[in-house]
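Just below is one structure, and these are the notes that go with it.
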Amino acid sequence: MSSLNNLSSWKEIGNHSNKISQKSLNEIFKEDKDRFNKFSIQEKDLLLDFSKNHIDNKMMKLFSQLLVDIDLKGKIHDLFNGEKINTSENRSVLHFLLRGSYTSKTKELYENDVKKGLDKLKLFSKKFQNGELKGYSGKIIKNVINIGIGGSDLGPKMICEALKYYSNRSVNNYFISNVDPSNLSEVLLNVDPKESIFIISSKSFGTIETLKNANVCKNWFYNQSKNSESLKKHFFGVTANTKRAKEFGIEENNIFPIWDWVGGRYSLWSSVGLPIILKIGFENFEMLLNGANEIDNHFREQPFNNNIPVVLGCLGILYNNFHNCETHAIFPYDDYLKYLPMYLQQADMESNGKNISKNSSEVNYNTGPIIWGDVGTNGQHSFFQLIHQGTKKIPCDFIGFVNSNNEKEELHEILLSNMIGQTMALMKGKNGAEVEKELGNKNKYNNYDILKNSKIFKGNKPSNTLLFNKLTPYNLGRLIAIYEHKIFVQGSIWNINSFDQWGVELGKVLSDEVYNKLKNKDKSYIDNSTKGQLDFIEKFRQ
């Protein structure tokens, strides 16, 4: 594939973007009464409204041409057929197989591996739900402690919180991810070993943070129970490296499989989701998988102009590459989704934070944006000021649910009104004449000019709105799969490998080197900043 900059469709998108950006979104809406119908997609009880963006029919046609030029159809075909599209690691990328999205080429893999893995999870969750799973003292297990980092932590943690409404309230989930001893200490203070199980989640069973934490928990558990045999009832592994898990002391029957074609940040659909299953039950977990499966089919089958992940991917490219927007904000208007922005940060920034193309040359255009956000309406009272009146253009995704799981008087209607009101305000703004009318007689103020100018909003700020009927396991599966495929679309356009993460590895290697220097008080061959920090630590380290 030639460089993006050489494609005529890419150049035309740039030229057309410059042209239509001169008109404000507010003007465009006034001129076109049918704009919402042109630029929204409804898929059963799911709506994507992308009409509040700097686009027109021609722009969407140019993007469709770009997708033909880069052969997105072929790339989607290769993805779902298990071609080794993770070129730096020579691996297939098949996390969607975990939710039953197979082709004739991958069906055998699904039947032989995935289905067996799911059956094992189902059997285990039944035992857990029925109270058959007891600790060494005969007590029923009620604490599930997950030890993992990155995708082995964020995915399960986000889903357990998001689907708390559907959960078994007598089960407590805890997550240990950080090597900061405070994280682990606070968890162990809260649990009784007789009622607790530990799930060690690591594909390689070699992740330093996970193993260090697992060993501390193992020693703590042994000191409490005084019986090494009891470990077998309380420690479980999710890994592709059964040998290492057994060496750690986990019984083979307590090891759940994961495969090398599942990337960490795409792994919540696999055995990594065991804490989710124990919290919400296997039936709800299946609904989560089914929702994602629906979007997999939508992504594979729908034409580009009616394809939710494709449209979102193209809009992201528009702002990142042609409006020079460095960030993209995610605002879920549901408190259960408090970890979603953090989860999508990892999914997107670890996937598309790359500067080397698949042709192994350095790219000469911007790739992945900085993803950030928080739940509404909290953001409205903190950083929305900058989005409304700051000097930066920040495209936003607003995610809402027509019905709440917890209806209380008119609270949910107020919440929805806030969400929709914000997207209107970002688009419309408020001009000088409107402010003058609002303020009335200028003689009432001794600071009239500064007050008037401070209350003017330029507007013209873009946003997407995703509305679902309700936050259910099925709809959450749909939501996450939409973003997974959006990330793939953007990586395909930028011609980068969205499925490796070598940037994460370098930090780990260097931290090991620093750790050895810290232990051995060896300051040779390091820069003077690092040496100064190590000297300070040595001085005050107790």
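The values are calculated or read from the model by the stated rules, or taken from the named source; none is laboratory data. In this text the structure is predicted, and so the values were computed from the model without any measurement. We place every Cβ from the backbone using ideal geometry, glycine too, and count neighbours over all the protein chains shown. To get the accessible areas, we keep the full protein, side chains included, count just its heavy atoms, and leave off ligands, DNA and RNA. Shrake-Rupley method; radii C 1.70, N 1.55, O 1.52, S 1.80 Å.
Observations on the structure shown:
- The one condition from (1) farther than 30 Å from Tyr166 by Cβ; (2) surrounded by 15 or more Cβ atoms within 10 Å (Cβ to Cβ) that Asn464 does not meet is (1).
- Qualifying residue in region 165-175 (condition: closer than 23 Å to Lys508 by Cβ and open to solvent by less than 50 Å² (accessible area, probe 1.4 Å)): yes
- Cβ-Cβ under 7 Å pairs, at least 6 apart or on other chains, region 156-184 side more than 23 Å from Lys126 (Cβ to Cβ), far side among the basic types (Lys, Arg) and buried (at least 20 other Cβ atoms within 10 Å of the Cβ): Phe175/Lys157
- Restricting the first member to region 219-234 and to residues that are in contact (Cβ under 8 Å) with a residue 60 or more places away in the chain, and the second to residues that are of a type in the set (A, V, I, L, M, F, W, C) and surrounded by 18 or more Cβ atoms within 10 Å (Cβ to Cβ), the beta-carbon pairs closer than 7 Å and six or more apart or on different chains are His234/Ile197; His234/Phe198; His234/Phe221.
- Close pairs from region 72-87: first closer than 17 Å to Ser351 by Cα, partner of a type in the set (Gly, Ala, Ser), Cβ under 7 Å, at least 6 apart: Lys75/Ser492; Lys84/Ser92
- Residue check for Lys486: basic (Lys, Arg), at pLDDT below 95, in contact with a helix residue (DSSP H, G or I) (Cβ under 6 Å, 6 or more places away or on another chain) and open to solvent by less than 70 Å² (accessible area, probe 1.4 Å): no
- Candidates Val93, Val171, Val144 - the one that is closer than 24 Å to Glu283 by Cα, under 24 Å from the mean Cα position of the chain (by Cα) and among the aliphatic types (A, V, I, L, M): Val144
Each row is one residue, and each column tells you yes or no for (1) surrounded by fewer than 21 Cβ atoms within 10 Å (Cβ to Cβ); (2) closer than 18 Å to Asn168 by Cβ; (3) out of contact with any Leu (no Cβ under 9 Å at 6 or more places or on another chain).
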residue: Ser267; (1), (2), (3): no, no, no
residue: Leu274; (1), (2), (3): no, yes, no
residue: Lys279; (1), (2), (3): no, yes, no
residue: Glu286; (1), (2), (3): yes, yes, no
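- Residues located in region 509-542, provided they are within 30 Å of Ser351 (Cα to Cα), touching a helix residue (DSSP H, G or I) at 6+ places or on another chain (Cβ under 8 Å) and exposed (fewer than 12 other Cβ atoms within 10 Å of the Cβ): Asp512
- Selection within region 100-110 - open to solvent by 10 Å² or more (accessible area, probe 1.4 Å) and either under 22 Å from the mean Cα position of the chain (by Cα) or not β-branched (Val, Ile, Thr) (or both): Gly100, Tyr102, Ser104, Lys105, Lys107, Glu108, Leu109, Tyr110
- Selection from region 189-223 of residues that are more than 23 Å from Lys508 (Cβ to Cβ) and exposed (fewer than 15 other Cβ atoms within 10 Å of the Cβ): Leu189, Asn190, Asp192, Asn219, Asn223
- Contact map, region 274-289: first residue of a type in the set (Lys, Arg), second residue at pLDDT 95 or above and assigned to a helix (DSSP H, G or I), Cβ cut-off under 7 Å, separation 6 or more or different chains; pairs are Lys279/Cys160.
- Val179 passes every criterion in (1) more than 21 Å from the chain's Cα centre (by Cα); (2) in a helix (DSSP H, G or I); (3) among the β-branched types (Val, Ile, Thr) apart from (2).
- Taking (1) farther than 19 Å from Gly263 by Cβ; (2) open to solvent by less than 70 Å² (accessible area, probe 1.4 Å); (3) modelled with pLDDT of 95 or more in turn, Glu186 satisfies each apart from (2).
- Some residue of region 307-315 being at negative phi, touching a Gly at 6+ places or on another chain (Cβ under 7 Å), open to solvent by less than 40 Å² (accessible area, probe 1.4 Å) and modelled with pLDDT of 95 or more: no
- Screening Met349 against (1) in contact (Cβ under 8 Å) with a residue 60 or more places away in the chain; (2) touching a strand residue (DSSP E or B) at 6+ places or on another chain (Cβ under 8 Å) leaves a single unmet condition, (1).
- So Asn86, is it over 24 Å from Gly459 (Cβ atoms) and open to solvent by 20 Å² or more (accessible area, probe 1.4 Å): no
- The lone exception for Asn178 - which of (1) modelled with pLDDT of 95 or more; (2) touching a helix residue (DSSP H, G or I) at 6+ places or on another chain (Cβ under 9 Å) it fails: (1)
- Residue match in region 12-19 (condition: in contact with a strand residue (DSSP E or B) (Cβ under 6 Å, 6 or more places away or on another chain) and on the phi < 0 side of the Ramachandran plot): no
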